[in-house]
Amino acid sequence: MTMHAPVSFGAGGGEPYARALRSDGSLRLTDPARPDVVTTMDVSRWSAAADRVDRSLLDDADGPVIDIGCGPGRMLVAARTLGIPALGVDVSAEAVAIAQRSGGTAVQGSVFDAVPDEGHWDTALVIDGNIGIGGDPAALLERCREIVRTGGRVIVETNPDPLADRVYTARVVDTDGHESAGFPWAEVGLDALHRHAADAGLVARQSWTVAGRSFCELLA
């Protein structure tokens, strides 16, 4: 399966995501069609150590974990601490470099291209809004189903609004006002995730909300 997102806010060394990673700052995710709606992305949280909610996502891992859109690698470090083999995939060279310096194993590239050990991962993580990658949640989930083993799991962090279901052209802006090019993105709540998962051949097993974050476990 080949699907290339034309632009991503993680691509290129000088774009806002790379700048925010270097400064431990934040990003604003905007939609030109809804100028009054702005989502703040706390890059400093992604760069910090995994918290108890993050670590809980690894509790039932029975084998190696792949983190889709791993960012600076906090989940990779957490998995390593627990003795769980883990790999991160991210389009951002800056994020991958930080993850590697932190001791994580990460590769630069798109999840829609071939990834190492495809079909053998026990658990795929799609957290921190990364269900939006590519602006096609069903295609992303289908890709995750190909990456995990038969009976493997895909853990998705969903939009807190269970009714959220929107695909749009987004931009990110850093604290200095640098703006990315437009890129396809999606917001997916639990109701929409169930539909997209079914289209991708995944079965929803359980969902939960903790510390203001919502998750769903899907089985391949």
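Observations on the structure shown:
- Residue, nearest to Cys216 (Cα to Cα), within the range 140-154, restricted to residues that are open to solvent by less than 10 Å² (accessible area, probe 1.4 Å) and not charged (D, E, K, R): Val154
- Single match in Gly88, Gly151, Gly104 (criterion: in a strand (DSSP E or B), among the small types (Gly, Ala, Ser) and touching a Cys at 6+ places or on another chain (Cβ under 8 Å)): Gly88
- Qualifying residue in the range 47-65 (condition: open to solvent by less than 60 Å² (accessible area, probe 1.4 Å), touching an Asp or Glu at 6+ places or on another chain (Cβ under 9 Å), closer than 24 Å to Pro184 by Cα and assigned to a loop (DSSP other than H, G, I, E, B)): no
- Residue check for Glu187: open to solvent by 20 Å² or more (accessible area, probe 1.4 Å), among the charged types (D, E, K, R), in contact with a helix residue (DSSP H, G or I) (Cβ under 7 Å, 6 or more places away or on another chain) and in a loop (DSSP other than H, G, I, E, B): no
- Matching entry among Asp128, Asp117, Asp113 (being in a loop (DSSP other than H, G, I, E, B), buried (at least 18 other Cβ atoms within 10 Å of the Cβ) and in contact (Cβ under 8 Å) with a residue 24 or more places away in the chain): Asp128
- Among residues of the range 159-172 being open to solvent by 10 Å² or more (accessible area, probe 1.4 Å) and part of a strand (DSSP E or B), the one that is farthest from Tyr17 (Cα to Cα) is Asp165.
The values are calculated or read from the model by the stated rules, or taken from the named source; none is laboratory data. What you see is a predicted model; the values in this text were computed from it and never measured. FYI the Cβ positions are ideal-geometry reconstructions off the backbone, even for glycines, and counts take in every protein chain you see. Ligands, DNA and RNA are excluded from the accessible area calculation, which covers all protein heavy atoms including side chains. Shrake-Rupley method; radii C 1.70, N 1.55, O 1.52, S 1.80 Å.
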